[in-house]
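Report on one structure; see the data block that follows.
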Amino acid sequence: MAVVFEKPHALTDAPTHYCPGCTHGIIHRLIAECLDELGLEGSAVGVAPVGCAVMAYNYFSCDMIQSPHGRAPAIATGVKRALPSAAVFTYQGDGDLAAIGTAETVHAAARGENICVFFVNNAIYGMTGGQMAPTTLPGQVTQTSPYGRDVKTAGYPIRVCELLSTLDGTAFAQRVAVDCVRNVLAAKKAVKKAFQTQLDGRGFSIVEFISSCPTNWGFTPSEALVWLREHMLPYYPLGVYKDTSAQAQGEAQP
Amino acid sequence: MNMAQRVLMKGNEALAQAAIDAGCRCFFGYPITPQTELAAYMAKQMPKVGGVYLQAESEIAAINMVQGAAAAGVRAMTSSSSPGISLKTEGISYMCGSDLPALIVNVQRGGPGLGGIQPSQADYWQATKAPGHGDLHILVFTPSSVQEMVDLVGKAFDLADKYRMPAMILADGLLGQMMEPVEIGGKEVPVPAAKPWAACGHRNQREHNIVNSLYLTASELEDLVKKRFERYREIEAKEPLCEAYLVDDADIVVAAYGAAARIAKAAVRTARERGIRAGLLRPVTVWPFPKKDFQAAARHASRFLCVEMNMGQMVDDVRLAVECSKPVGFFGTTGGVIPTPAQVLEQIENLSGGAR
Amino acid sequence: MKDLNVLLAGFGGQGILFMGKLIAYAGLIDGREVSWLPSYGPEMRGGTANCSVCLSDEPVCSPLVTEPDILIVMNQPSFDRFIGSVAPGGIAIIDSSLVGGKTAREDISSFYVPATALAGEKGLQGLANIILVGKMLAETRFCSLDTMRAAIEKAVPPRKQNLVAGNMRAVELGMDS
């Protein structure tokens, strides 16, 4: 019988612990498919964050390291500098990457550290039960912004791709979503491009996934995707924010 | 193979060269007085041996880069001074929890807070009791000369690899800044033991390795910590190091480590000249603490005097080691003040009650 | 040979630490145990600098010299601060171009050498410190002139070996002063 669909080799058989309707599963799969297609599983070292994806080390079949909260880019830096031939990636959430780990993120990018960062932005802290994240939208209700995020006291959300694309060390930055087939396909292309950026030795790459958290947002999975489209995407526009590849540079020519 | 040469070197620089000689090829740091020469030496020398020198954005990032390199299976180190070590404690705890070997150098200065920049031993408790959160220990070596800054580095790396845990060289500003003649080099760069647990890419040859410190099932974590503590007990039995100077017949035993031990040694020597049976026990490891050496000395000594460049930290371990069988006095200077041999001698003379 | 504990003090930029290196290298070349301990701090040029050097046949215990056998001072604050600490029977060598007044101490030997002025006169600008080391050598004979030359060759960076001759002239000038 012809096989028409199977699990990527770079994913283990472990059942994930993610909530129903969470997009982590899709994103894991996209990364694993790219590891398979680029033949990178054997040379890959992934770094798991603290947050919902903390146990990503159980789900990817490549070698994995679990990092202290926010420090994944520093851990990845250590791995990549020690083993330049390894394909090194981090998988981080918004609290991990844009709050406690801001310094590690920004400086890894500024150094042009030749690693891939996969950033899952769902505008809320999932693992600890729905607190305000650095990317929580103005007015958005969370456990720790119960009256809606008041920018006068809690400040404004951080647009990570825009921020990092100002740095010379960032080679590739793209914001994607996995809310529909078209976006999932575009997201996969972005993941592959990020790995290719590393393989080409061009420096730091980041793919930001605008994601949903039905559990902590208090929606059904499909309602959550509607809310994502209506509220997240206007604040966090999808698109390529930086691409230093020859091809992209060529396209930029008039 | 180069012959070992006797050269004049600063402690910080000698330690750095010794680390390179021990096969360390990854250094991640952040400038802080009085350890900066170590980082500067690495910045200059690492590129010449194909190694990595990286100035991180913070001590936190530096220790995590060490963790990444250590997880990838290479010899990696960082160095800092007291305030910077406080920032590294998070990473040290994770490395203990992930069973990762690495070297951390603390060239201590006065604290707390920003404190001062003069030599101090005020981080003894931090190094030996709580170098990070959780049930853990790290190996702690306390050199007392520039030569020992060299000699203990290879040992620290080897034992860290053997027992899969971080090791610390607990030095101070005096040892870091002073120059002394050292014999350095002249040995083959060792090939560190294989690390089959490392996350370095499985090449499709084995199951994936996971370097991790998270265990959500309490009993699983307990089992793991207990197993780690069996290793700690083995280390406590096998690895303590201590120098005994004129201790065999000593009535008054001075306990001191690192820079303070040098000063104490001068005082002990003068005390002997004055007919006082004084001796010096100098721990070279403070975790594991050389309890047996102190217990042996307690059989004939009438009292102990602990001399430290702090308000009294190791003195607790001395009291525990002798199980309070003999009085243990304390003399210390703090804040970066270095005690003088005359001050220590006065303490010894007071304890001897003028008995000659 | 007797232990020699030396304290060198002055302003940063006067070559206080370099003086210490010369003495330490001389000890090293003669196969003695030595230690060299600088004061360190946020000061660079213009701040106070001092340096402890110990030469001994035994491993050096305390590298911090608090009662020097030999004190060399190159500014007034250091003179005021350290002259009282010289061990009885010890030697103080003072750059009298930069230090006014004399010590009342009679239990030590004090030598007043206008080193900075001498260096200026003899075209040895910046080598007042080495003149003072020359004086120390003359008064203590802590090493041979050959050893001193070898120490200078070691302490001067390889790309500045053209400075060795000037340094040796400064040593000899100090010995004769």
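Bear in mind these aren't lab numbers, they're just calculated from the coordinates by the rules spelled out. These numbers come from a predicted model, not from an experiment. Neighbour counts are summed over all protein chains in view; Cβ atoms, including those assigned to glycine, are modelled from backbone coordinates with ideal geometry.
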A correct Karplus calculation of ³J(HN,Hα) over the stretch B:196-207, with 6.51 cos²θ - 1.76 cosθ + 1.60, θ = phi - 60°, whole Hz and x for Gly and Pro, returns x, 8, 5, 8, 10, x, 8, 6, 6, 10, 8, 5
So, over other residues within a Cβ distance under 11 Å of residue B:91, counting Lys, Arg +1 and Asp, Glu -1, the net charge is 0
With only helices counted (DSSP H, runs n ≥ 4, each -39500 (n - 2.57)), the per-residue ellipticity at 222 nm for chain A, to the nearest 500, works out to -9000 deg cm²/dmol
Taking alpha-carbon centroids only, the stretch A:188-239 lies from the stretch C:103-174 a number of Å equal to 71 Å
Rounded to two decimals, the Rg over Rh value of chain B from Cα coordinates and the Kirkwood Rh reads 0.99
Rounded to the nearest 5, the percent of antiparallel DSSP beta bridges in the protein assembly as shown equals 30 percent
Given pairs B:162/C:154; C:102/C:122; A:192/B:88; B:88/B:226; B:129/B:292 and cut-off 31 Å on Cα-Cα distance, the over-length ones are B:162/C:154; A:192/B:88
Percent antiparallel among DSSP beta bridges confined to chain C, rounded to 5, stands at 50 percent
By Cβ neighbour count within 10 Å, fewest first, B:180, C:58, C:153 rank C:58, C:153, B:180
Relative contact order in percent for the stretch B:23-72 (Cα pairs under 8 Å, 6+ apart) equals 48 percent
When B:178, B:42 are ranked with the fewest other C-beta atoms within 10 Å first, the list becomes B:178, B:42
About its Cα centre, the protein assembly as shown carries a charge dipole, from +1 on Lys and Arg Cβ atoms and -1 on Asp and Glu Cβ atoms, whose size in debye to the nearest 20 is 560 debye
Restricting to Cα pairs under 8 Å and 6 or more apart, the percent relative contact order of the stretch B:242-352 works out to 32 percent
Mean per-residue count of partner chain Cβ within 10 Å for B:203-209 equals 5
What helix-only [θ] at 222 nm does chain B give? Using -39500 (n - 2.57) per DSSP H run of at least 4, over all residues, to the nearest 500, the answer is -12500 deg cm²/dmol
The summed charge of the residue B:45 Cβ neighbourhood (under 13 Å; Lys/Arg +1, Asp/Glu -1) stands at 0
Averaged over the residues of C:30-38, the number of partner chain Cβ atoms within 10 Å of each residue's own Cβ comes to 5
Per-residue average of other protein chain Cβ atoms inside 10 Å, peptide B:114-125 -> 1
Yeah, the protein assembly as shown with a ≥ b ≥ c from its alpha-carbon gyration tensor (a/c under 1.5 is rounded, else prolate when a/b outruns b/c, oblate otherwise) is prolate
Here the relative contact order (percent) of chain B, from C-alpha pairs under 8 Å and at least 6 apart, is 18 percent
Check: C-alpha center the stretch A:1-55 vs C-alpha center the stretch B:256-326, spacing in Å is 58 Å
Using alpha-carbon positions, the gyration tensor of the stretch A:24-246 gives root eigenvalues a ≥ b ≥ c; with a/c under 1.5 called rounded, otherwise prolate if a/b exceeds b/c, else oblate, the class is prolate
The longest stretch of chain C containing none of the trypsin sites (Lys or Arg not before Pro) that sit in a DSSP loop with at most 11 other Cβ atoms within 10 Å is C:46-140
Residue-normalised 222 nm signal for chain C, counting each DSSP H run of n ≥ 4 as -39,500 (n - 2.57), nearest 500 deg cm²/dmol, is -11000 deg cm²/dmol
When A:223, C:106 are ranked with the fewest other C-beta atoms within 10 Å first, the list becomes C:106, A:223
In terms of the alpha carbon gyration tensor, root eigenvalues a ≥ b ≥ c, rounded if a/c is under 1.5 and otherwise prolate when a/b exceeds b/c or oblate, the stretch B:121-243 is oblate
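So which GluC sites (Glu not before Pro) in the stretch B:301-356 pass both tests, a DSSP loop state and at most 16 other Cβ atoms within 10 Å of the Cβ?
Answer by residue number: B:323.
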Chain B: antiparallel bridges as % of DSSP beta bridges, rounded to 5, reads 30 percent
